[in-house]
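The values are calculated or read from the model by the stated rules, or taken from the named source; none is laboratory data. This structure is a prediction, so every number in the text was calculated from the model and none was measured. Neighbour counts are summed over all protein chains in view; Cβ atoms, including those assigned to glycine, are modelled from backbone coordinates with ideal geometry. Protein only, heavy atoms only, side chains kept; ligands, DNA and RNA dropped before computing areas. Shrake-Rupley method; radii C 1.70, N 1.55, O 1.52, S 1.80 Å.
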Amino acid sequence: MDTAPGSSRYADVMAAWRRDPAAFWAKAAEGITWDKPCDRVFDPALGLFGGWFAGGRLNTCFNAVDRHVLAGRGDQPALIWDSPMAGRIETVTYSQLRDRTARVAGALAALGVQRGDRVVIYMPMAPEAAIAMLACARLGAIHSVVFGGFAAAELAKRIEDAEPRVVVSASCGLEPGRVVQYKPLLDAAIAFSAHKPDACLILQRPQATASMVAGRDHDFAAAEAAAAPADPVSVAATDPLYILYTSGTTGKPKGVVRDAGGHAVALHNSMRMVYGVQAGDVYWAASDVGWVVGHSYIVYAPLLAGCTTIMYEGKPVGTPDAGAFWRVCAQHGVRVLFTAPTALRAIKQQDPDGAQLAKYDLSKLDALFLAGERCDPPTAIWAAEKLNRPVVDHWWQTETGWPITAGFRDLGLFPPKPGAGGRPAPGYDVQALDDSGHELPRGQSGNLAIRLPLPPGCAPTLWHNEEGYRSAYLADFPGWYRTGDAGTIDEDGDVWVMGRTDDIINVAGHRLSTGAMEEVLASHPAVAECAVVGAKDELKGQTPLGLVVLKSGVTTDPGTISKELVALVRERIGPVAAFREAHIVPRLPKTRSGKILRASLRRIADGEPAAPPPTIDDPAILDEIGAVLGSRIL
Ligand code: COA
Ligand code: AMP
């Protein structure tokens, strides 16, 4: 790993954390304004693996907004909304953000929302999405944001599990070439769900007007204007701040819970330690508030640190061109950009020589951070050459909420080797384990795991599903958190994250469950059995590929069934699944005990040689599938 000019503090800071984790986190907690300091920095008796900052009290919205106004930053831009989709740019100062957030909190309170109540937020990338999140935090209510690219049935699952008192949504989202009507999706989701919210707060956007359900739906702008501002409510550090549903291995999403105190401390600390930014700097995470990157690095972390955050409603290409990201960086003076490798690949595809990039003054940009999937070395090298700046791939997941590994701008250690995810952040003891849970020597590939306890900011539990947390993350390797990723730690201590060990795939940086797609395919009346695997994709990293065996006696044309299956996944999961291929095959390869051999299917889909595994019941099936998929292999 290259070392930035100056001495590397990484080893010293890591050693200090290992020596006394509580002292390390107590120091980090000084960056947060507490209503009451904690009694114990870490209490091993709490929860599934101990709890952070027990006895402490705070309000996250106060820390992200009000305290910066009180400190004299009221006129500093807190949030810049840049929307090539809507053709608008709006700046919200910290004072304006405080006033709007307090009023929206008042509007939610008027609808009955109190501390501990849930509020589902199904919103496009409009400033009101961030304001609604902060308003919930202000009241001590628990928000659960649902990504706009999910269909009504997925939204319904989340409404049913989170049982919100109120849903905040909008009339529409804006995608290139189409206006996505959100309100009919919301209405359908509420109709599907056994739980019904008391009220909905709907942002009417100029591009589409939502029809309102009398008595249930309220206009966002009118409610905000009429509301009395609400003050921040003090909550326990261990209270949930939000629930974010993420894909697990089945169709039922996992409700990842974030606790207020650990989250505020870890995120605030990460802004300097990882990204090297401070109050007044402009920071841009080009993601969506529906994902963890959006929660942590569009909304909470930059605001907790007093930075200016950018909310971008657009794409890396086509809005209007492959220079869009560089235009935003230049126009708003971005110091650190954070995006997904897929976005860079899209830019590289359209502007391989960097002609667009050369048009903009990027003198303020210090570094580019990447996450969401492993960045392939050619893309990382291309970006570093074209930008002439450090390109830092860093590894994390919804459950951890902040980077597990990274290159650290404040510790003199960045960027990682192309293809690697960097070194463990202070707070994480990462090891590769064999399947029996033994630590592997450096250089050997295994299950990447984090020694318990997890640091502040990481999910303490799943919503109403402690047992699910135990079985998904803690049961396989006692004393460790199983990340679900496989990889290697090399001689230098750099962590190479090479892929999932379960049925989760990453499509354009979006985490999706193949199990959920299989459930949808299996519900089609013509389908006897099916498998969905992630196949390599040059732009999106992976795309889902369905292999389907039809019931005997089905006479419908296979092409028609394939089209129906593609439409069904779009309807039930949403366009974000990018499910475009359902191939009808005669049989699926299985072990003698009946388990589908997904790894062999993946290799065939990628055009790689798939030697029959010794456990296969009938090796001839692999050739049959190869023949069906032959046409798709490049
Ligand atoms: N609301 C409604 N629909 C949405 C949506 C939203 N918020 N986000 C995406 N979709 C739809 C898209 O319109 C598209 O629909 P289509 O099938 O009708 O074309 C589908 O979901 C797939 O979208 P996407 O994954 O964005 O693919 P794309 O082909 O439109 O664009 C990229 C490709 C690479 C430009 C795009 O995926 C991208 O910008 N990725 C970055 C991802 C990212 O930031 N991830 C965050 C993790 S850090
Ligand atoms: P999500 O919960 O959506 O953030 O997805 C988390 C998963 O994405 C991880 O478990 C990894 O499989 C993958 N991932 C995220 N960032 C990286 C990275 N930098 N390198 C490799 N894989 C990554």
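Treating each Cα of segment 447-591 as an identical point scatterer and summing with the Debye formula, the log10 of I(q)/I(0) at q = 0.15, 0.17, 0.20 Å⁻¹ comes to -0.89, -1.03, -1.19. Backbone N atoms of segment 132-153 closer than 14 Å to the 7 Å Cα→Cβ label point of Asp231 belong to residues 139.
Across all directions, the average flat footprint of the convex hull enclosing the Cα atoms of segment 459-529 is 7.7 nm². Computed in the context of the full set of protein chains, the accessible area of segment 254-346 at 1.4 Å probe radius has 50% of its extent on carbon or sulfur.
Charges were assigned to the Cβ only: +1 to each Lys and Arg, -1 to each Asp and Glu. The resulting dipole of segment 424-503 about its Cα centre is roughly 220 debye. At q = 0.22, 0.25, 0.27 Å⁻¹ the log10 of I(q)/I(0) for segment 24-83 amounts to -0.90, -1.03, -1.12, computed by Debye summation with a single uniform scatterer per C-alpha, solvent ignored. Kirkwood radius for segment 402-484, taken over all pairs of different Cα atoms as the inverse mean of 1/r, rounds to 14.0 Å.
Which of Val257, Gly323, Ala475 sits closest to the plus end of the dipole of the chain, meaning its Cα is farthest towards the positive end, when Lys and Arg get +1 and Asp and Glu get -1 on the C-beta? Ranked along the dipole, the leading option is Gly323.
Here's the list of lysines a cross-link from Lys364 could span, going by alpha-carbon distance under 20 Å and ignoring same-chain residues fewer than 8 apart: Lys386. Indicate the gyration tensor shape class of segment 206-262 (rounded, prolate or oblate), computed on the Cα atoms with a ≥ b ≥ c the square roots of the eigenvalues: a/c under 1.5 is rounded; otherwise a/b larger than b/c is prolate and the rest oblate. It comes out oblate by the Cα gyration axes. Share of pairwise Cα-Cα distances greater than 19 Å in segment 73-155 is 45 percent (whole percent).
Each part gets one Cα centre, and for segment 301-346 versus segment 566-629 those centres are 37 Å apart. The amide H of Leu201, built 1.01 Å from its N in the peptide plane, has Val167, Val168, Ser169, His218 as neighbours under 5 Å, considering only residues 5 or more places off or on other chains. Annotation: lysines with alpha-carbon distance below 27 angstrom to Lys196 (same-chain offsets under eight excluded): Lys157, Lys183, Lys252, Lys254. In a simple Cβ point-charge model (Lys, Arg +1; Asp, Glu -1; nothing else charged), segment 508-629 has a dipole of about 300 debye relative to its Cα centre. Between amide H atoms placed 1.01 Å from N, distances below 5 Å from Cys458 occur with no residue 5 or more places distant or on a separate chain.
Measuring nothing but alpha carbons in the chain and taking Rh as the Kirkwood radius, the Rg to Rh ratio lands at 0.95. Full extension of the chain segment joining Ala611 with Arg178 gains 151.4 nm, where the gain is 0.36 nm per residue of separation less the Cα-Cα distance. Counting only protein heavy atoms and a probe of 1.4 Å, the accessible surface of segment 508-629 is 54% carbon and sulfur.
Global size of segment 508-629: 14.0, 40 Å for Rg and Dmax (C-alpha atoms, Rg to one decimal, Dmax whole). For Asp485, the residues whose modelled amide H falls within less than 5 Å of its own, excluding neighbours fewer than 5 places apart on the same chain, are Leu448, Thr501.
Take every Cα pair under 8 Å whose residues are at least 6 apart in sequence, average their separation, divide by the length of the chain, and the relative contact order is 12 percent. Lysine pairs in segment 417-575 whose alpha-carbon atoms fall under 22 angstrom of each other, counting only those eight or more residues apart or on distinct chains, come to 4. Taking θ as phi - 60° and the Karplus parameters 6.51, -1.76 and 1.60, the scalar couplings of segment 455-462 work out to x, x, x, 7, 4, x, 6, 9 Hz in sequence order, x denoting glycine and proline.
Taking one quarter of the surface of the C-alpha convex hull of segment 60-113 gives a mean projected area of 4.5 nm².
If only the Cβ of Lys and Arg carry +1 and only the Cβ of Asp and Glu carry -1, the dipole of the chain around its Cα centre is close to 580 debye. Histogrammed with a bin width of 10 Å, the alpha carbon distances of segment 213-368 distribute as 9, 29, 31, 22, 8, 1 percent, first bin at zero. The residues of the chain expose on average 36 square angstrom of accessible surface per residue, using a 1.4 Å probe on protein heavy atoms. When Rg and the Kirkwood radius Rh are both evaluated on Cα atoms of segment 500-551, their ratio Rg/Rh stands at 1.02.
Protection proxy ranking of 158-169, 112-123, 30-41, by the mean of other Cβ atoms within 10 Å over each peptide's residues and highest first, is 158-169, 112-123, 30-41. Cross-link reach is defined here as a Cα-Cα straight distance under 18 Å, omitting same-chain residues fewer than 8 places apart; for Lys36 the lysines meeting it are Lys27. Over all directions, the projected convex hull of the C-alpha atoms in segment 67-220 averages 8.8 nm² in area.
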